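Everything below concerns the one structure shown next.
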Amino acid sequence: MPIGVYYHPPLSERFWRHVDKSSSETGCWLWTGCKDKCGYGKVGIGRRNSRCHRVSWELHYGKIPDGLQVLHRCDVPACVNPEHLFLGTPADNSSDKIAKGRDRTKGSMNGTAKLSENLAVKIFNAVMSKEMTQAQAAKKYSLSDSCIWNLVNGRTWKHLNLAAHYAAAPTGQGREG
Ligand SMILES: [Zn+2]
């Protein structure tokens with residue numbers, strides 16, 4: 001048998017060890033393990049990291065059909081409750097960015113790892129104050145358009161309450177455009 005088979009716990013065991021089903025008022029099952037910088041949980045499978053909501057889907061419903069993505073109804077990236085997940089096409093996930101003709105290379109998703117909380121706040125404020133467009137922010141900080149879009153639309157970094165802070169700030173005039 002290959003090395004590792006004896007002591008490496010099965011995926012389902014490693015998965016449930018990091019799921020908190022009780023602390024969310026909305027019924028979200030929150031991933032308490034490692035997360036990427038867009039807030040999605042990640043779990044190692046073999047040598048790769050997979051996003052936890054995808055793993056949850058496969059544990060409950062079976063293999064994700066080719067070409068489909070697992071999306072959140074609840075918009076909580078760290079949520080792995082299968083009842084909050086649904087399958088969609090990449091177009092469902094990013095219709096906004098495609099509609100605007102700003103779909104950049106998939107490789108740029110790797111840039112999401114560079115987004116820290118401080119930077120998230122900075123980018124949000126810059127875009128909301130029209131200091132820069134989402135496309136300009138994506139380019140300047142080497143982030144994917146979808147990462148910026150999710151940030152600006154409150155799909156990620158919810159815990160920072162960016163919109164509330166922005167509205168409360170003295171320089172927050174013109175928030176509605
Ligand atoms: Zn949820």
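Remarks
- Cross-link pairs K42/K130; K42/K63; K63/K139; K35/K122; K130/K158 - those with Cα-Cα distance over 24 Å: K42/K130; K63/K139
- A simple rule links phi to the HN-Hα coupling: the Karplus curve 6.51 cos²θ - 1.76 cosθ + 1.60 with θ = phi - 60°, which for region 124-131 gives 4, 5, 5, 6, 5, 8, 6, 5 Hz, with x for Gly and Pro.
- Using θ = phi - 60° and Karplus 6.51 cos²θ - 1.76 cosθ + 1.60, couplings along region 132-140 (whole Hz; Gly, Pro as x): 8, 7, 4, 5, 5, 5, 4, 5, 4
- Amide hydrogen proximity for I45: with H placed 1.01 Å from N in the peptide plane, the residues at 5 or more positions away or on another chain lying under 5 Å are S50.
- Taking amide H atoms as placed 1.01 Å from N in the peptide plane, the amide H of Q69 lies under 5 Å from those of G88, T89, each 5 or more residues away in sequence or on another chain.
- Taking label positions 7 Å along the Cα-Cβ direction at both L11 and R48, the computed distance is 1.0 nm, reported to one decimal.
Here, each number is a calculation from the coordinates, and none is a lab measurement. Worth saying up front: this structure is predicted, and the values here are computed from it rather than measured. Counting neighbours? That spans all protein chains shown, and the Cβs are built from the backbone with ideal geometry, glycine included.
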